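Coordinate-derived values only; no laboratory data. Since the model is a prediction, treat every value here as computed from it, not as a measurement. Reconstructed Cβ throughout: ideal geometry from the backbone, glycine too, with neighbour counts over all protein chains shown.
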Amino acid sequence: MKYFYSNLIFVPAITFVIAILIKWFIIKLKTKELNLSAALWSWWMPSVHSAVVVSLTTAVWLKLWFTNDLFAVCMAFTVIIIYDAINVRFEAWLHAEAINKLLPDWKKYKESLWHLPSEAFAWCLLWIVVASIMYYLI
């Protein structure tokens, strides 16, 4: 029996590490700085929390199939997380932008909090592929 079957927790855990490393590399390319803590920021792509839930949902789907109740729970959780990453954070960005117009320059809120739907969709596809590769190789 594959290791994957008995230890589903490793799929989102490994995906978490991969997402953090990818995020750190992208931030390093964009900012030209070695900022390790930046990989834990919640506002750059890839979305680490989305990566974790998408890979977990994919792992449950591959192991238990989509007719299982656990898959339904994971899928609902995934939809909520991705909805938050796209829509709720967009609203938070609008609020931060409006508030920043009223504040002095030295006390501004971070405005770039949200992810584009196309970004979220593309990264979700990657996490599905990563979880599927782990399913067939581990």
Arrange the following residues from fewest to most other Cβ atoms within 10 Å of their Cβ: 132, 55, 50.
132, 50, 55
Neighbouring Cβ atoms within 10 Å as the yardstick, rank 73, 52 fewest first.
73, 52
Provide, in order from the shortest bin, the percent of all Cα-Cα pairs of segment 48-138 in each 5 Å bin, continuing until the bin that contains the maximum pair distance.
3, 14, 19, 17, 14, 10, 8, 6, 5, 3, 2
Each label point is 7 Å from the Cα along the Cα-to-Cβ direction; what then is the distance between the points at residue 136 and residue 77, in nm?
2.6
Could you tell me the relative contact order of segment 3-137? Use alpha-carbon pairs under 8 Å, at least six residues apart, and round to a whole percent.
30
Least to most buried among 31, 67, 78, by other C-beta atoms within 10 Å and fewest first, runs 67, 31, 78
